[in-house]
Amino acid sequence: DLEEMEAQIILGNTYHLYLRPGDDLVARRGGLHRFANWKRPILTDSGGFQVFSLQSIRKITEQGVEFRSYIDGSKHFFSPEKVIDIQRNLGSDIMMVLDECVAYGEDREYTEKSLGMTTRWARRCRESYPKGTGGQIMFGIVQGGFHKDLREMSLEQLREIDFEGFAIGGLSVGESTEQMYDILGHITPLMPDDKPRYLMGVGTPLDILEGVSVGVDMFDCVLPSRNARNGTLFTSRGKVNIKRAEFAEDDSPLDPECGCYTCRNFTKAYLRHLYQAKELLSYRLNTYHNLYFYLNLMKQIRAAIEVGTFADLKRHYEAVYATETE
RNA sequence: GGUGGGGUUCCCGAGUGGCCAAAGGGAACAGACUGUAAAUCUGUCGGCGUACGCCUUCGGAGGUUCAAAUCCUCCCCCCACCA
């Protein structure tokens, strides 16, 4: 499906693949590309986000993170070096350094201390896999919470380490859209413009437009797929909750302007029925559509930038998704 | 024909005198979801009202009681086993 809709890259997760099926097993299968039969680029996240989202079962120290498997409760330890080794086993094209994604609401003192450690971890990651070691490249991750000076400090220190690309982490962790845009708009323009800028974990169609407008090149987010599974679909006319009773006998396509397999073949009434009946096909069709929508949004953005109409495109989507931002 | 069990709010199913508009589950309805412990989670779910509350409801009709889904009487229906 992803090849068909022309996805350029996919993301794999160090934490999850390490626990299951195990990075050694993946290495024995010839790496993630061969294992999953995906021929285009793959980026692997380091597990840093899981340190954040699964915080009830972990302990962070300068050495690394001790955590328990959510699968069987067994104890494991991730050091910056270990996380790179795992990503080497997975054989991704882009590796991410181990970082601590600070929760929203942590005070400045904690954020600053955490940042120091995250930077040291980033250096250790790079030292364990110096530039040119193999065919994989490595991105550093800017942290610093919601303090602009800490964000700048993070970026400066990371630039000295010599990464092939830079990511912005620690956003969309509970803050308001306004706060997120504020930090994003401040730090992104300061990032090297000759290297990819990657905004991690974001976001809504509007978030992406905002990110691009301040200079972000790449994104990753569970939103389109997770929302699809839960019945919220993104369309050219805004969000559609396919579960709603009003669609029970609606014979029109989900999005008449969409050219995806789902929209070309099925009605809202049918998609609603599949969802209500918990048919597996529902997840597949809905996910196909949302991913197609996002990929198409990115295509539109690239095309608009080339012809100089990006601002118009952004304004258009802001109008369509107006109610979503509040 | 005999014996035993049972009929509860849309469905299933707790409840055997007051704390019961009635547990729990399902369905339905609405919402959430942002580097995926998420095919998950939250709310509503007899009617009216902001609310204290009032009204209607536990197969049907009577009755006992200050008070009945719960006790008594008769009736209707269902199930199991026996014949």
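The values are calculated or read from the model by the stated rules, or taken from the named source; none is laboratory data. What you see is a predicted model; the values in this text were computed from it and never measured. Quick reminder, even Gly has a Cβ in these numbers, built from the backbone with ideal geometry, and neighbours come from all protein chains shown. What goes into the accessible areas is simple: the full protein's heavy atoms, side chains included, and nothing from ligands, DNA or RNA. Shrake-Rupley method; radii C 1.70, N 1.55, O 1.52, S 1.80 Å.
Taking the range A:1-41 as the region of interest, the helices (runs of 4 or more DSSP H) fully inside it that hold 2 or more residues being away from RNA strand B (no atom under 14 Å from the Cβ) are A:23-28, A:32-36.
All of (1) within 15 Å of RNA strand B (Cβ to nearest atom); (2) without any contact (Cβ under 8 Å) to a residue 60 or more places away in the chain; (3) under 23 Å from A:GLY201 (Cβ atoms); (4) out of contact with any Leu (no Cβ under 6 Å at 6 or more places or on another chain) hold for A:ASP72 with one exception: (3). Taking the range A:44-60, which residues are more than 6 Å from RNA strand B (Cβ to nearest atom) and in a strand (DSSP E or B)? Listed by number, the residues that qualify are A:THR44, A:ARG58, A:LYS59, A:ILE60. Of all residues in the range A:221-234, none satisfies being in contact (Cβ under 8 Å) with a residue 24 or more places away in the chain and more than 14 Å from RNA strand B (Cβ to nearest atom).
Would you confirm whether or not the range A:76-94 contains a residue that is among the β-branched types (Val, Ile, Thr) and part of a loop (DSSP other than H, G, I, E, B)? I'd like the intermediate steps shown before the answer.
Of all residues in the range A:76-94, those among the β-branched types (Val, Ile, Thr) come to A:83-84, A:86, A:94.
With part of a loop (DSSP other than H, G, I, E, B) added as a condition, the list becomes none.
Looking for residues that are among the β-branched types (Val, Ile, Thr) and part of a loop (DSSP other than H, G, I, E, B), one finds none in the range A:76-94, hence no.
Before we move on, is A:ILE71 out of contact with any helix residue (DSSP H, G or I) (no Cβ under 8 Å at 6 or more places or on another chain) and either open to solvent by less than 10 Å² (accessible area, probe 1.4 Å) or at pLDDT below 95 (or both)? Quick ask: steps written out before the conclusion?
Numbers: out of contact with any helix residue (DSSP H, G or I) (no Cβ under 8 Å at 6 or more places or on another chain): no; either open to solvent by less than 10 Å² (accessible area, probe 1.4 Å) or at pLDDT below 95 (or both): yes.
No; evaluated as a whole, the condition is false for this residue.
On the stretch given as the range A:163-206, residues that are touching a strand residue (DSSP E or B) at 6+ places or on another chain (Cβ under 9 Å) and either polar (S, T, N, Q) or open to solvent by 60 Å² or more (accessible area, probe 1.4 Å) (or both) total 3. Failed condition for A:GLY135, given (1) closer than 30 Å to A:ILE86 by Cα; (2) within 15 Å of RNA strand B (Cβ to nearest atom); (3) small (Gly, Ala, Ser), with all others met? Here A:GLY135 clears every test but (2).
Residues that are outside any helix (DSSP H, G or I) and either in contact (Cβ under 8 Å) with a residue 60 or more places away in the chain or within 26 Å of A:ARG108 (Cβ to Cβ) (or both) occur at least once in the range A:130-139.
I need the full set of residues from the range A:189-220 which are part of a loop (DSSP other than H, G, I, E, B) and more than 9 Å from RNA strand B (Cβ to nearest atom), in order please.
Here is the first cut: in the range A:189-220, the ones part of a loop (DSSP other than H, G, I, E, B) are A:191-196, A:201, A:203-204, A:214-217.
The answer is A:MET191, A:PRO192, A:ASP193, A:ASP194, A:LYS195, A:PRO196, A:VAL214, A:GLY215, A:VAL216, A:ASP217.
Can you spot a residue in the range A:38-50 that is of a type outside the set (Ser, Thr, Tyr), under 26 Å from A:GLU175 (Cα atoms) and open to solvent by 40 Å² or more (accessible area, probe 1.4 Å)? Yes.
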